[in-house]
1. What full-extension length gain, to one decimal in nm, is calculated for Val187 and Arg76 as 0.36 nm per residue of separation minus the Cα-Cα distance?
2. Place a point 7 Å from the Cα of Arg114 along the Cα-to-Cβ direction; which residues of the stretch 43-61 have their backbone N under 15 Å from it?
3. Excluding ligands and nucleic acids, what accessible area in Å² is computed for Thr103 using a 1.4 Å probe, to the nearest 10?
4. Quick one: net charge around Asn81, please, counting Lys, Arg +1 and Asp, Glu -1 for every other residue with C-beta under 15 Å from its C-beta.
5. Taking R0 as 41 Å, what's the FRET efficiency between Ala172 and Thr90 from their Cβ-Cβ distance, rounded to 0.05?
6. Can you give me the distance in nm between label points at Val161 and Glu101, each placed 7 Å from the Cα along the Cα-to-Cβ direction?
7. In Å, what is the Rg of the alpha-carbon atoms in the stretch 67-123, and how long is Dmax?
8. Rg and Dmax of the stretch 118-190, Cα atoms, in Å?
Amino acid sequence: MRFRFNVRLLLCSVIPAVLFSIALAVSLWGLTRTHDEFEQYINTEQFVANTLNEMYAQGLQAGQALRNILLDPGNRRAYDNLDAAESAYTRAMSGLRGVAEGTPLAAQLAEYERLHKVLSEKRHAVRMLAASDPREGAQVLNREETPAWRALRDRLVEQIVARREAAAQAHAVVKQYDVTVTIVATVLALLAVLVAALLCWMLLRTVKTE
C-alpha cells in the first residue's frame, strides 16, 4: 500500500511538471519561430516593397522636374530636383540588387534597368532640348519620354502589387502560426491542470482508504 501511495505521490508531482514543461517549451519554440518569420518578413518582403515604392516615387519626381525644366529652362532648382530624383532611384535600385540576387526578382530588376536606361536617354534628350528648342523638347517628352516612363511605371506597379500580396500572405501565415502555437500551449497547460487534479483526487482516495 505504501508503495502505491508513494508512486501516486510521485505521479502527482512529475506528470503535471512534465506537461507544464512541454507547454513552456512549445510556447518558447513558437515565440522563436514567430520572431524568425517576422525578421524574414521585415528583411525581405517589406524591404523590397518599400524600395519599389521609393523607385516609383522618384520616377514620378524626376518626370515632374523634367516638365518644370521645359516650362522654365532657367529654373536651376528643377535641374537639381531632376538630378536628385535620378540619384535616389539609382540608389534604391542598387540596394535592391543585394536582396534580389539568386531570386526571381533578379530577372525583374534586369528588366527595370533596361527600361530605366531607355527612359534616362529620353529624359536627357528632353533636358538638352529645353534650352535650345522647348517646342521640340515638349514633343519628344510626349512622344518618347512619357511612353518610356509608362512602360517602367507599369512594371513597378505590377511588382508592388505582387509584393503587397506576398507580404499580406506572409503576415497571415505568421499570425496563424502564432495562434496555433498559443492554442497548443494552452491545451497542454490545461491538460496539466486536469491531470494534476485527477492525480490529487486519486491520492486523497488512497489516503482515505488506508
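1. 33.1 nm
2. From the stretch 43-61, the list is empty.
3. Result for Thr103: roughly 60 Å² accessible.
4. Taking every other residue near Asn81 into account, the sum is +1.
5. For Ala172 and Thr90, the calculated efficiency is 0.75.
6. Taking the two extended label points, one gets 3.2 nm.
7. Looking at the stretch 67-123, its Cα Rg and Dmax stand at 14.5, 46 Å.
8. For the stretch 118-190, the Cα radius of gyration and maximum Cα-Cα distance read 25.3, 82 Å.
The values are calculated or read from the model by the stated rules, or taken from the named source; none is laboratory data. As the structure is a prediction and not an experimental result, all values here were calculated from the model. Neighbour counts are summed over all protein chains in view; Cβ atoms, including those assigned to glycine, are modelled from backbone coordinates with ideal geometry. Surface areas here come from the heavy atoms of the whole protein model, side chains and all, with no ligands, DNA or RNA. Shrake-Rupley method; radii C 1.70, N 1.55, O 1.52, S 1.80 Å.
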